[in-house]
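Let me begin by presenting the structure, written as structure tokens, before commenting on it.
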């Protein structure tokens, strides 16, 4: 038995000291982790880029509507929906809702003056449904009007890294710049 252990000792020692092939073994272990990290960074960067693009597009639409000087029409809101889809990635489908909101001192709440959503993909706001989102509207003086532009865009990651599909939402509140109230089609502004 002693003879066998002495014969195995030398080859086992040389095997334990041999460092050939460790780079390959380490690369096999680490390479999948590096690839996953690279793809994950790409997906996270792409999601933040998409979120930023959607936010800028929503602010652009809100700013365009707030600068109108004669009022807008339903066809104009439909055109804003097409402009929104042009401003974001082509493969994403955007939902848009434009609402004129005022503060009612009689009812002590925000009220909808008018609301439009192209293609009815987002239901038009009512006084009841507006109250769920009233916390996002800043304090207003009685008789003031604001334009609320809501955008929802679905986002699906390019690679499956564990990030779920998401819906990016924007809620933009802007005062009309040149009119106290922005009329829509036959819905005129109240006379004060």
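The strands (runs of 3 or more DSSP E) found wholly in region 109-187 and carrying at least 3 residues that are over 15 Å from the mean Cα position of the chain (by Cα) and crowded, with 18+ Cβ neighbours inside 10 Å occupy 109-116, 145-155. It is to be established whether one or more residues within region 61-77 are out of contact with any helix residue (DSSP H, G or I) (no Cβ under 8 Å at 6 or more places or on another chain) and over 30 Å from residue 186 (Cα atoms). No, region 61-77 contains no residue that is out of contact with any helix residue (DSSP H, G or I) (no Cβ under 8 Å at 6 or more places or on another chain) and over 30 Å from residue 186 (Cα atoms).
The numbers here are math on the coordinates, done by the rules we state, and not lab data. These numbers come from a predicted model, not from an experiment. Here the Cβ is made from the backbone with ideal geometry for all residues, glycine too, and neighbour counts use every protein chain on show.
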